[in-house]
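See below for the structure under consideration.
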Amino acid sequence: MRASLIQIRVDDDESVDSRRQRAASLVRDQAGADLVVLPELWTTGAFAYEEFAREAEQLDGPTYRAMAKAAGDAGVWLHAGSIPERDPDGTLYNTSLLFSPSGELAAAYRKIHRFGFDKGEAVLMGAGTEPVTVSLPETTLGVATCYDLRFPELFRALVDAGAETLVIPAGWPERRRSHWTLLARARAVENQAFVLACGTAGTHAGVPQAGHSIVVDPWGEVLAEAGAEEEVLTVEFDPSKVAAVREQFPALKDRVLGLERPRH
Ligand SMILES: O=C(O)CCC(=O)C(=O)O
């Protein structure tokens with residue numbers, strides 16, 4: 001499989017419209033790839049909290065339409081990253097959109113773990129409740145968004161639902177870049193799955209972005225890693241490696257279930 005991760009710049013000096021057009025054109029440039037991935041909240045930037053309500057879209061709004069068309073034009077599976085979605089009841093969600101190569105919506109995933117550290121997202125947005133997997137001809141994707149990366153139990157749920165390739169759009173800050181790389185590799189090793197983690201470049205709302213999109217194989221080896229600037233990270237990988245690693249070193253079979261005791 002060939003995957004292209006579009007690590008787009010989210011600087012404040014570009015309008016949402018301009019970035020949307022640029023993203024669509026970057027997706028079209030990836031014709032020939034099997035899977036294309038954009039990052040989290042790339043229209044607004046993940047830390048531009050005051051813009052979430054202003055730029056929120058109904059699910060089938062302008063970003064949906066632009067990305068559906070770009071996926072169809074390029075003939076690729078597209079994980080179009082996430083948008084601030086406004087539900088008809090008024091609640092905002094951090095929602096990822098996935099399109100098939102014919103431009104049909106294949107899945108929408110509302111981020112389950114809201115970023116509560118500086119209150120913004122956790123106060124402004126509702127929480128998703130449903131883990132999402134999507135079957136492609138070559139592999140089953142399990143999707144998660146940014147802060148979700150810190151919660152291994154979500155990834156176990158995705159693996160239990162058949163995920164072999166974990167796709168994680170993010171707007172991770174440079175300040176915690178060491179966690180990003182470490183957690184991406186940890187999720188790959190513990191789940192014996194490919195991890196495709198696509199971040200943003202640039203600075204918005206005063207927060208420098210980590211970039212460093214990364215692709216990790218089921219043995220934890222880094223297949224490709226971007227730098228800090230905008231770039232398209234392209235990688236070839238063999239999805240059958242997941243079954244091979246799970247068979248050669250069957251740690252997932254030794255799980256002891258039922259240990260989780262939530263405190264709240
Ligand atoms: O967990 C982190 O360090 C970053 C998370 C984040 O920025 C987000 O989920 O938007």
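Any read-out appearing in this document is the output of simple, stated calculations on the displayed coordinates, not a laboratory observation. The shown structure was predicted, so the numbers you read here are calculated from the model rather than taken from an experiment. Positions of Cβ are backbone-derived with ideal geometry, glycine not excepted, and every protein chain shown enters the neighbour counts.
Bin all alpha-carbon pair distances of region 107-186 at 5 Å intervals from 0 and give each bin's fraction as a whole percent. Values per bin, smallest distances first: 3, 15, 25, 25, 18, 11, 3, 1, 0. Mean residue ellipticity, 222 nm, helices only, the chain: the sum of -39500 (n - 2.57) across DSSP H runs of n ≥ 4, divided by residue count and rounded to 500, is -8000 deg cm²/dmol.
Near SER82, the amide H atoms lying under 5 Å from its own belong to GLU40, LEU41, TRP42; only residues 5 or more places off or on other chains count, and H is placed 1.01 Å from N.
This model, with +1 at the C-beta of Lys and Arg and -1 at the C-beta of Asp and Glu, gives region 2-254 a dipole about its Cα centre of some 300 debye. Extent of region 31-142 along its three principal axes (Cα atoms, max minus min coordinate, largest first): 40, 25, 24 Å. The length gained on full extension between GLU225 and SER15, counted as 0.36 nm times the residue separation minus their Cα-Cα distance, comes to 72.8 nm. Modelled this way, with points 7 Å down the Cα-to-C-beta line, the labels at ASP73 and ALA161 are 3.1 nm from one another. Here the gap between GLU104 and ASP87, fully extended at 0.36 nm per residue and compared with their Cα-Cα distance, gives a gain of 4.1 nm. DSSP beta bridges confined to region 2-254 are antiparallel in about 65 percent of cases.
Dividing the mean sequence gap of close Cα pairs (under 8 Å, 6+ apart) by how many residues the chain holds gives a relative contact order of 19 percent.
Counting neighbouring Cβ atoms within 10 Å and putting the fewest first, the residues VAL167, VAL235 line up as VAL235, VAL167.
Listed by Cβ neighbour count within 10 Å, with the fewest neighbours leading, LEU97, LEU196, LEU59 appear as LEU59, LEU97, LEU196. Projecting the Cα atoms of SER96, ALA210, VAL245 onto the dipole axis of the chain, where Lys and Arg carry +1 and Asp and Glu carry -1 at the beta carbon, places VAL245 farthest toward the positive end.
Mean projected area of the Cα convex hull of region 136-179, taken over all directions, amounts to 3.4 nm². Arranged from fewest to most other beta-carbon atoms within 10 Å of their beta carbon, GLU174, GLU55, GLU221 become GLU221, GLU174, GLU55. In this rough spin-label picture, where each label sits 7 Å from Cα along the Cβ direction, the ARG150-ALA122 distance is 0.8 nm. Annotation for region 160-264: trypsin sites (Lys or Arg not before Pro) lying in DSSP loop with at most 13 further Cβ atoms inside 10 Å of their Cβ are ARG255, ARG263. Averaging 1/r over every pair of different alpha carbons in the chain and inverting the result gives a Kirkwood radius of 18.1 Å.
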